[in-house]
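Here's the structure, in structure tokens; my notes come after.
What follows is calculated from the coordinates using simple rules that are stated; it is not laboratory data. This is a predicted model, so every value here is computed, not measured. Note: ideal-geometry Cβ built from the backbone for every residue, glycine included; neighbour counts use all protein chains shown.
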């Protein structure tokens with residue numbers, strides 16, 4: 001899902017990007033406020049997550065030393081990644097310049113589902 005910055009930063013937080021997946025139900029306004037607050041605390045990115053004893057069908061959050069390095073969709077996940085029980089919660093936020101368009105966003109998906117984010121293209125890497 002490509003994201004573009006629509007205007008130059010005119011004030012703090014003015015060009016933050018909030019990503020809400022269409023199949024994520026019952027998002028309260030307070031949740032959006034908390035997402036922006038996390039960015040205001042000098043975090044360049046934020047991602048919601050939840051645990052499932054059976055995560056089949058969900059995108060997995062791949063961590064390395066507690067750092068999010070990839071979001072892998074079920075169909076693109078390796079066997080080891082499918083064993084991960086930390087799932088993508090369908091909400092993401094990127095501060096200012098981190099919300100700029102991903103240069104790899106136009107590449108063709110490898111499966112019928114949307115592309116997974118690899119460690120090399122993730123805007124969350126190193127955050």
Over the stretch 17-99: Rg over Rh, Cα atoms, Kirkwood Rh: 0.98
- prompt: How much length, in nm to one decimal, is gained on full extension between residue 54 and residue 21, taken as 0.36 nm per residue of separation minus their Cα-Cα distance?
  reply: 9.8 nm
query: residue 80 label point, 7 Å along Cα→Cβ, cut-off 13 Å on backbone N: hits in the stretch 27-62?
result: 62
query: How do 21, 50, 94 rank when sorted from fewest to most other Cβ atoms within 10 Å of their own Cβ?
result: 50, 21, 94
statement: Going from the fewest other Cβ atoms within 10 Å to the most, one would list 74, 79 as 79, 74
Sorted by Cβ neighbour density within 10 Å, fewest at the top, the residues 91, 63, 86, 26: 26, 63, 86, 91
